Structure formats: structure tokens, C-alpha cells
1. Suppose we filter segment 18-45 for residues that are at pLDDT 95 or above and among the polar types (S, T, N, Q); how many remain?
2. Out of 133, 125, which single residue is within 18 Å of residue 84 (Cα to Cα) and β-branched (Val, Ile, Thr)?
3. Taking segment 112-146 only, how many residues are touching a helix residue (DSSP H, G or I) at 6+ places or on another chain (Cβ under 8 Å), assigned to a helix (DSSP H, G or I) and of a type outside the set (A, V, I, L, M)?
4. When you check residue 72 against the structure, is it without any contact (Cβ under 8 Å) to a residue 40 or more places away in the chain and within 25 Å of residue 19 (Cα to Cα), yes or no?
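The values are calculated or read from the model by the stated rules, or taken from the named source; none is laboratory data. Remember, it's a predicted structure, so these values are computed and weren't measured experimentally. Cβ atoms come from the backbone with ideal geometry, glycine included; neighbour counts cover every protein chain shown.
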Amino acid sequence: MSVRFKKIHPALKHAGYSATALLPGEDRTAFEKLHRALIAEFTPVGALEEDIVADLARLIWRKQNLATFRIAQLADARREQIKDETVPRLEFRIPGDIDADEKEEARRAADEQARQELGDIHQLIDIGEPATIEGLMKELDVKERLDGMINRCLKQLLTVRGVKSLSSSTSAPQISGSRKAG
């Protein structure tokens, strides 16, 4: 018996798709224009500010393109409908009559029909969870936790810098115009 693994989309192997970034079928040029506009508006200085503006661009983009998730959902439903129409219903067949090769060939034919009918939209099905609202919510939850941890680190850093600043100003020699009487 051979074990079959679902093929992983090449971009997922390299974390190329994210629910908060561009998904297949979305306009990269429009996203880059939005990102450049935010850079011009906020003029980020340094890696941290650039990261914040990049997050803003991704989140604004996702908000403006929520329809992509609905398109992915509809495409997946259509693919399932094609499979239901094409793949033989095994539950209605006598167990001895089930031909694994016939079933596999029907699955391949259904997948090919779905790919042809759906065109580029089929890529949204291929990437799986990142093209779902659930995937978006999971990613946003992780991002929120990471942002919280980053914010705590920044708070600690700024506190330490503040303490150092206070201690260096109190230990610096003070210039005084008065002398102690002796």
C-alpha cells in the first residue's frame, strides 16, 4: 500500500503565501503602489518603523481585498461539485466492484476539469488555508501575539534607556556657582 501526500504548493514551501499578504490573482502593482503611498505618508526611519508601515500596507490591502477569500471559497465549492459529479459514488457500489485505478483516474479527470474551468482562481484552492478567513484569523492572532511581545520588549528597552539617562544626568558633575563655607 502506498501512502500519498497532498502536493504542497511551491510558494508554501518557502512561506510565499500568507493570508495577510498577496494571494494568487491579486494585483502586485496595486499593492506596491499602496505600500509606496504609505511610505510617503509616514516616512519611516529605521527597521522597526519600516516593519510597522509594511504591516499597515498588508492589513489595509487585506481589508480592501477581502473578496479574495470569498472567491477562494466559491472556487473550492465548485471544485467539490465537479468531483461529486465526476468521481464514481463508491458507497453505491458493491465492495468487490470498486476499482482503485478507476477511482484515481476519475479524481484526476475531476481535478483537471476544475483547473480548466476555474483557471488562475484554482491557485487559491491549491494554497489551502492561507486563502481562507480561518487562515487569516489564525495568522492575525499570531501576529497580534508577536506584536504584543515586541511591544513589551520596546517598553523594556525604553525603560532601561530612561533609567540610564536619569542615572547619567545625576552622576554627571554639576557646575555650581556657590562654594561651601568652611
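1. Summing the residues that are at pLDDT 95 or above and among the polar types (S, T, N, Q) in segment 18-45 gives 2.
2. Answer to the selection: 125.
3. The total comes to 10.
4. Spelling it out, it is not the case that residue 72 is without any contact (Cβ under 8 Å) to a residue 40 or more places away in the chain and within 25 Å of residue 19 (Cα to Cα).
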